[in-house]
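Right, one structure below, let's go through it.
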Amino acid sequence: MERSAQLLKTVEAVREARLPRWAELPDLALYMDQVIVLMGQYLGGIVSGEEKLLTPSMVNNYVKLGLMPPPVKKKYGREQLADLIMICVMKQVIPISITRELIRTSLEELSPQQLYDTFCDYYDIAAGEALESLDRRTDIIESTGRAGLNLLAASCAIRSQLELRLAEDLGRAEETKPAKEKGQKEKNKEK
């Protein structure tokens, strides 16, 4: 497929993609195999890559690493589904350790539902910004042909690198807080 046609296909997929909100996640608990299928349906058009998006081993590791609560009687509810969606989206770009820290510290201030729905809002904003950025470059791409596509790819890589740096620094912000501040936060939780 020609690169510009592939780009149009990708742009259309991004335009149509959306994460399900908390209220749209199944209200009943699911077994592992159902979770894997559901995640593929939810994230197939969102997460790119040739590797498997999610396997039972990955889910078990996320539980062991404290990224999500364990299943109840081998079943996964809304909270675990929301966690898996956030993990699968973020793990494409940032290390699991930072993903864990982002989720953990956010849950200190937000309920699982608030965190997840806000994550979805941020996804929509980021997707919109990416599409707007691409739209602003359409004239350049059309006038420069293949070189324009090459430079667009470079521009996307540069933006990704810069945003990755920001994400990692923001994720590590909690780790670098002074010990006194962390200790005070723990005392407040105990009260």
### Message
Between helix 3-16 and the chain, what is the angle of the helix's C-alpha long axis to the longest principal axis, kept within 0 to 90° and rounded to the nearest 10?
### Response
40 degrees
### Task
Figure the gain on full extension for residue 154 and residue 93 (residue separation times 0.36 nm, minus the Cα-Cα span) and round it to one decimal in nm.
20.3 nm
### Query
In which sequence would 151, 25, 166 go, from the one with the fewest C-beta neighbours within 10 Å to the one with the most?
166, 151, 25
## Note on the structure
Of the candidates 95, 8, 72, the farthest towards the positive dipole end of the chain (Lys/Arg Cβ +1, Asp/Glu Cβ -1, centred on the Cα centre) is 72
### Query
Among [x] 19.1, 64; [y] 23.3, 76; [z] 21.4, 77, which one is Rg and Dmax of the Cα atoms in Å computed from these coordinates?
[x]
### Pairwise FRET efficiency - residue 16 versus residue 144, Cβ, R0 = 35 Å, nearest 0.05
0.80
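Just so you know, all these numbers are worked out from the coordinates, no wet-lab data involved. Bear in mind the structure is a predicted one, so any value in this text is a computation, not a measurement. Glycine also receives a Cβ, built like all others from the backbone with ideal geometry; neighbour counts cover every protein chain displayed.
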